[in-house]
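One structure is given here, and the rest of the page talks about it.
The values are calculated or read from the model by the stated rules, or taken from the named source; none is laboratory data. As the structure is a computational prediction, the values presented were derived from the model and not from experiment. Don't worry about glycine lacking a Cβ; one is built from the backbone with ideal geometry, like all the others, and counts go over all protein chains shown. Note: accessible area is taken over every heavy atom of the protein model, side chains too, but ligands, DNA and RNA are not part of it. Shrake-Rupley method; radii C 1.70, N 1.55, O 1.52, S 1.80 Å.
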Amino acid sequence: MSTRSPARSPDKYRYPGRSFKTAPNYGAIPATTTPRSSTQKSPRPSQAKGAMSEQSQDDPMSPQSENDDQDDQDDAPLYTSERYLEIPTLTTVVDRYKVNRRGYMGLITFTLFAALYFVVIYLQRQNFRIGTENRALRAPVFLKKPHTVITTRSGFWKFLSTVIVPYVTVGNYWDCDVEATNTNMFNHTESFQGYNVMQYSAMIGGIAIIQTRSKSKPCDSNMFLPPPGAQQHCYSEDLTTTHSFKISAHVDGDMKTMTIPYDKQSQGYVVLLPSNHNTKDMSTLLQYYQDAKLVDQYTRTVEVRIPVYNANIDVIGTLSCSVEIDLAGHMHVDLVASSIPYHLYPKDYKQIVALQIVLLLWVSMMVKNLVRAYLRTHPLPDIIKDFKINGADDGPMPAHSSGRTYVLVPGILYSTIALQVVIWIYLNYQYTLMQQLTSYDPHLALSFFKSSSVQFNTMERVYTHTVAPIFNEIETLHMLFDLYFLVAGVTVVLIIFRLFQYLDFQGKLNAITQTFSMGVGELVHLLLVLNVVVTGFSFLGYLLFGAQVVSGLN
């Protein structure tokens, strides 16, 4: 019988597709040769043949010779370039496949999460209704330019009387008599009046004038100032927070005194042009404020605030015109229109609530995967080393080339989402308080809409007990609403950075991340040098031309 050569080492495998036989020891095969037919024989070692082999060669018709020819045909490779697979090469291919599978799985999962997050934020924002109200409140005042430019205190009162008051009153006044019914719970027929700003938005309470006031300080004695005792004062940047102050002026020949209360929530002194006054009384009250010098040398900032409610789109809007007065007398004007939904959830709230629950569950799952990946791939401090997870990481979390999962960006990302959840819960609580505060009450209705003439001695009580709670609640909701979407904006930025980490596994998709990571050192040095150069030239321009260039003003 023919002698078989020993099998090849177990770290090599034949290509699939042929029945397995013990591989003959052919020795080295040239890398590039042409295919040969099955009748051609490979060279055999001389020591591998015995006497029986010699006899079989002499007698081609012997059974042993036929068996040897069949074995040679089976053992011969299809092509002389056929090779056996190396385990390291096969392992590299399999590992690359696992990396791509995990990478694409994580990328698809995170993309779906980001899309769900954007949908939830869009539904919470209700930007279509809010933007519509903001545009309606802001546009008429912007169209009044240049009448919105304020440079003096008299210019402020002119702006208030020629722009703001007509904006509220002209063509928007309504009055009616309401009979007593079981629904409104009035004792008898009442006369009401008010204003609908821009036709559809009911003014809430009136036009508020809020100001902050500075403290006085003694002036230095020199020849540039009048002698001591001339009642000349100097003022500081420190603001006063005394309980109230009083103003006085003549109205129809009578001296009228009014107490201006300090509102802690607004952090300023507040007076009203009430919405239950007709246009004549409102003009009389506005002239009284100007004659009594409500805005004087002590005033540092003054804000005109008009809160409204649009029942058609269920939105509470606020038009605010702020004037900042520095100690040099310069006035800076800022006009802002901001709105919030009156109901945090629309009538078809089930859809958005369901999406919020799904988003929270999704985030919980991603946080769980991140924690498990951290416990598996990072060295743990002694206090939590018992929680170490051993074994390969087969999760979808992206990792550094060292094998450690990224934890900084996702940690901050999930923290901002958790902060959003806390703010949203508190926002729901504040909305519940606001709904209770603004629910229909006959006494509040009389305070807001009952026709009334100017009452100088009761203005403080009207604002403090009736208007201030609603004003303050609306202001709190505005602040929380803006804070929530500010955190949402930070979350969106973190989502973008996290998406770059998910793209890091793929050679073509990670071009941006690799570019920034490779050039971050050069970029830092460039920005450092650029900052020094720009700062130097800015300081040079300040020394040569001063704080303002008159030729550049418009």
Could you list all residues from the range 161-200 that are acidic (Asp, Glu) and not in a strand (DSSP E or B)?
Glu179
When the range 503-525 is examined, which residues are found to be touching a residue at least 60 places away in the same chain (Cβ under 8 Å) and assigned to a helix (DSSP H, G or I)?
none
Of all residues in the range 299-319 being among the hydroxyl-bearing types (Ser, Thr, Tyr) and over 18 Å from Gly155 (Cβ atoms), which is nearest to the chain's Cα centre (by Cα)?
Thr318
Could you tell me which numbered condition Lys158 fails, if it satisfies all but one of (1) in contact with a helix residue (DSSP H, G or I) (Cβ under 8 Å, 6 or more places away or on another chain); (2) among the basic types (Lys, Arg); (3) in a helix (DSSP H, G or I)?
(1)
What pairs come up if the first residue lies in the range 302-330 and is at positive phi, the second is buried (at least 18 other Cβ atoms within 10 Å of the Cβ), and their beta carbons are under 8 Å apart, counting only those six or more places apart or on different chains?
Asp314/Arg129; Asp314/Pro341; Asp314/Tyr342
When both residues are 6+ apart or on different chains and their Cβ atoms are under 6 Å apart, which pairs have a first residue that lies in the range 182-210 and is over 30 Å from Gly268 (Cβ atoms) and touching a residue at least 40 places away in the same chain (Cβ under 8 Å), and a second that is in a loop (DSSP other than H, G, I, E, B) and of a type in the set (A, V, I, L, M, F, W, C)?
Phe186/Ala180
For Leu444, state whether it is farther than 30 Å from Ser248 by Cβ and more than 22 Å from the chain's Cα centre (by Cα).
yes
Subset of the range 433-454, residues of a type in the set (S, T, N, Q) and surrounded by 14 or more Cβ atoms within 10 Å (Cβ to Cβ), comes to Thr438, Ser447, Ser451, Ser452
Using beta carbons and a limit of 9 Å, which pairs, at least six apart or on different chains, have the first residue in the range 343-359 and more than 18 Å from Leu427 (Cα to Cα) and the second one open to solvent by 100 Å² or more (accessible area, probe 1.4 Å)?
none
Identity of the residue in the range 471-499, among the aliphatic types (A, V, I, L, M) and open to solvent by less than 20 Å² (accessible area, probe 1.4 Å), that ends up nearest to Met203 (Cα to Cα):
Ile474
Positions within the range 180-237 being exposed (fewer than 12 other Cβ atoms within 10 Å of the Cβ) and hydrophobic (A, V, I, L, M, F, W, C), in sequence order:
Met223, Phe224, Ala230
Hits in the range 360-380 - residues which are open to solvent by less than 50 Å² (accessible area, probe 1.4 Å), of a type outside the set (Lys, Arg) and touching a residue at least 12 places away in the same chain (Cβ under 8 Å):
Val363, Met366, Asn369, Leu370, Ala373, Leu375, Thr377, His378
Quick check on my filter: what residues within the range 397-410 are under 13 Å from Leu370 (Cβ atoms) and either open to solvent by 30 Å² or more (accessible area, probe 1.4 Å) or at pLDDT 95 or above (or both)?
Ala399, Arg404, Tyr406, Val407, Leu408, Val409
Collect the residues in the range 102-125 that are in contact with a Leu (Cβ under 9 Å, 6 or more places away or on another chain), open to solvent by 10 Å² or more (accessible area, probe 1.4 Å) and closer than 27 Å to Val308 by Cα, keeping them in residue-number order.
Leu123
Run Leu361 past the list (1) under 18 Å from Phe110 (Cα atoms); (2) modelled with pLDDT under 90 and report the number of the one that doesn't hold.
(2)
